[in-house]
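Heads up, the thing below is written out as structure tokens.
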Amino acid sequence: MKKLFIKTYGCQMNVYDSARIADLLAPLGYVTADGPEEADMVVLNTCHIREKAAEKVYSELGRLRRLKERRAECGAPMLIAVAGCVAQAEGEEMARRQSAVDIVVGPQSLHRIPEMVARVERRQGRALETDFAPEEKFDSLPDERRADGPAAFLTVQEGCDKFCTFCVVPYTRGAEYSRPVAQIEAEARRLVERGVREITLLGQNVNAYRGEGADDEAWSLARLLRHLAEIDGLDRLRYTTSHPRDMSEALIEAHRDLAKLMPYLHLPVQSGSDRVLAAMNRQHTRAHYLRLIEHVRAARPDIALSSDFIVGFPGETDDDFEQTMELVRAVGYAQAFSFQYSPRPGTPAAIRKQIPDEVKSARLQALQSLLALQQRAFAQSCEGSVMSVLFEKPGRKPEQAVGRSPYLQPVHVDGAEHLIGAIADVRIERALPNSLSGSLLRAPRAQRVAAH
Ligand code: SAH
Ligand code: SF4
Ligand code: F3S
């Protein structure tokens, strides 16, 4: 047995890829290690989205190099692989400069990892693969899929054709590609056989999904969700991340019609100013976004909304920023992510005149305070309600379990450890800073998910 340690950065797509890397390496005898110290192979699955994300990889590589040297002194080799979006963007230079790195593999070539490991083990030097081969990737992933718990990710779409002027994803993940329906369904069924109750469909632009169905037609995400909702034993469906431009009426209707589709939508808007949205090449306006939110809420009144925001995009004025704040006040988010604009090499916005750092950080602070207030208000509105919770893992206290509400909030419940893997009704008692706590409802299910 050899030991494998994978460290994952970035988005859920990387979390999915890391799980598949483990599945690909299992037939070679690799089992999971608890830390890099005991690992025969370490994979860093990296993210290039902001400068800080990419920097983390290089500092981690410094630590790993020293670890590899110490292990070598005891005669124990250690393979170091860099996968993911930094590998794609900076792979060749990394292979040149970082002598401790044995394997560099981009996100669309990760299915080649086993043969790359074999090549390195035969001492044929360094291995580098950064082709864009999404079809080949998904066709050659093993059927065998370990499930780490009752909730799983399933990538259905990769890549992006939108080219927002701030973003590296179209360059690191390549063009949009959608997996065929049958392949997705087979993977979903295998997950359910392994005890999975909730699946989150993933894609950089998941609602741009256009996958080939059995009828040779291109299926939309709405149609795919309706199809997967028919799988017995699969109780919950989610999807992320969506783009406002691809938020079709059919998808909104799925939120109205499908009880299994959880009432949560992550729909990034980035900015509330039309001027900034145009400069970002987002291809939607503020009014379009607000209209979508209205439709979504009409279809599913209790839906929890989430978004991503960028502050300090080149050219963003105080007035533009105020429009973002106003949009946030108008929508009312349950949860959101916000970032200072980070210039990324090769993207159009990076060469524009930049906003000073102090301005960016002041705007970020103002936005984050507002979003934190909204998040707290949302959590407090849940107090006293009854929610169905899918229990995923043990909590910190004995016999405690942690699960997720339909609105994706973590929920801590005492005496629920025996329910891990199951869904049960919970009375929400307290809103904590980043989670809820509640108690099991022993009475028969009287009410469904509480509305807000
Ligand atoms: N496909 C998704 C987002 C993928 S990246 C979408 O279109 O919304 C995740 C988030 O990172 C983005 O929504 C954006 O808010 C942020 N982001 C991307 N590039 C960035 C950059 N250069 N600087 C700061 N934040 C960035
Ligand atoms: Fe990046 Fe825009 Fe594509 Fe999202 S839609 S991945 S932000 S280029
Ligand atoms: Fe990062 Fe690549 Fe995801 S850049 S956010 S890991 S698509």
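The values are calculated or read from the model by the stated rules, or taken from the named source; none is laboratory data. Source: prediction; values computed, not measured. Counting neighbours? That spans all protein chains shown, and the Cβs are built from the backbone with ideal geometry, glycine included.
Within region 112-133, being within 22 Å of Ser178 (Cα to Cα) and of a type in the set (S, T, N, Q) holds for one residue alone: Thr130.
Would you mind stating whether Asp302 is more than 25 Å from the chain's Cα centre (by Cα), at pLDDT 95 or above and over 15 Å from Leu367 (Cβ atoms)? No: the conditions fail for Asp302.
Listed by position, the helices (runs of 4 or more DSSP H) inside region 210-318 whose residues that are surrounded by fewer than 23 Cβ atoms within 10 Å (Cβ to Cβ) and within 16 Å of ligand 1 (Cβ to nearest atom) number at least 3 are 286-299. So which residues in region 7-51 are within 16 Å of ligand 2 (Cβ to nearest atom) and assigned to a helix (DSSP H, G or I), if there are any at all? Selection gives Gln12, Met13, Asn14, Tyr16, Asp17, Glu51. Arg70 falls short on exactly one of the conditions (1) buried (at least 16 other Cβ atoms within 10 Å of the Cβ); (2) of a type in the set (Lys, Arg); (3) in a helix (DSSP H, G or I); (4) more than 15 Å from ligand 3 (Cβ to nearest atom), and that condition is (1). Here is a check on your reading of the model: is Leu290 away from ligand 3 (no atom under 16 Å from the Cβ), at pLDDT 95 or above and closer than 26 Å to Val196 by Cβ? Answer is no for this residue. Within region 387-400, residues that are free of Cβ contacts under 8 Å to residues at least 40 places away in the same chain reach partners that are of a type in the set (D, E, K, R) with beta carbons closer than 7 Å, at six or more positions or on different chains, in the pairs Pro394/Glu417; Lys397/Asp414; Glu399/Asp414; Glu399/Glu417; Gln400/Asp414; Gln400/Glu417.
Among the residues of region 185-201, count how many are outside any helix (DSSP H, G or I) and either out of contact with any Leu (no Cβ under 8 Å at 6 or more places or on another chain) or closer than 15 Å to Asp215 by Cα (or both).
Going residue by residue through region 185-201, those that are outside any helix (DSSP H, G or I) are 194-201.
Among the residues that remain, those that are also either out of contact with any Leu (no Cβ under 8 Å at 6 or more places or on another chain) or closer than 15 Å to Asp215 by Cα (or both) are: 194-195.
Number of matching residues: 2.
Could you check, for region 181-197, whether at least one of its residues is out of contact with any Asp or Glu (no Cβ under 6 Å at 6 or more places or on another chain) and under 23 Å from Ala336 (Cβ atoms)? No, every residue in region 181-197 fails to be out of contact with any Asp or Glu (no Cβ under 6 Å at 6 or more places or on another chain) and under 23 Å from Ala336 (Cβ atoms).
Selection over region 84-128 of residues that are of a type in the set (A, V, I, L, M, F, W, C) and either more than 28 Å from the chain's Cα centre (by Cα) or not in a helix (DSSP H, G or I) (or both) gives a count of 9. Would you mind finding the one in Arg65, Arg20, Arg50 that is within 16 Å of ligand 1 (Cβ to nearest atom) and either assigned by TED's automatic domain parsing to the domain that holds Arg97 or more than 30 Å from Pro343 (Cβ to Cβ) (or both)? Going through Arg65, Arg20, Arg50 in turn, the sole match is Arg50.
Residues in region 135-184 that are surrounded by fewer than 17 Cβ atoms within 10 Å (Cβ to Cβ) and assigned to a helix (DSSP H, G or I) were compared, and the one that is farthest from ligand 2 (Cβ to nearest atom) is Ala182. Checking each residue in region 210-252 for being within 22 Å of Thr285 (Cα to Cα), of a type outside the set (A, V, I, L, M) and away from ligand 3 (no atom under 16 Å from the Cβ) picks out Pro244, Arg245, Asp246, Ser248, Glu249. Annotation: of all residues in region 204-222 being among the charged types (D, E, K, R) and at pLDDT 95 or above, the one that is nearest to the chain's Cα centre (by Cα) is Arg210. What are the pairs with Cβ atoms under 9 angstrom where one residue, in region 25-45, is hydroxyl-bearing (Ser, Thr, Tyr) and the other, located anywhere, is surrounded by fewer than 12 Cβ atoms within 10 Å (Cβ to Cβ) and modelled with pLDDT under 95? Sequence gap at least six, or different chains. Once the first residue is hydroxyl-bearing (Ser, Thr, Tyr) and sits in region 25-45, its partners that are surrounded by fewer than 12 Cβ atoms within 10 Å (Cβ to Cβ) and modelled with pLDDT under 95 give Tyr30/Met1.
Restricting attention to region 363-390, the residues being farther than 19 Å from Val411 by Cβ, aliphatic (A, V, I, L, M) and touching a strand residue (DSSP E or B) at 6+ places or on another chain (Cβ under 9 Å) number 4. Has region 200-207 got at least one residue that is in contact (Cβ under 8 Å) with a residue 12 or more places away in the chain and farther than 18 Å from Val15 by Cα? Yes, some residue in region 200-207 is in contact (Cβ under 8 Å) with a residue 12 or more places away in the chain and farther than 18 Å from Val15 by Cα. Looking only at region 141-196, residues that are of a type outside the set (Gly, Ala, Ser) and within 16 Å of ligand 1 (Cβ to nearest atom) come to 21 in all. Within region 92-114, the set of residues being surrounded by fewer than 20 Cβ atoms within 10 Å (Cβ to Cβ) and under 10 Å from Thr46 (Cβ atoms) comprises just one member, Met94.
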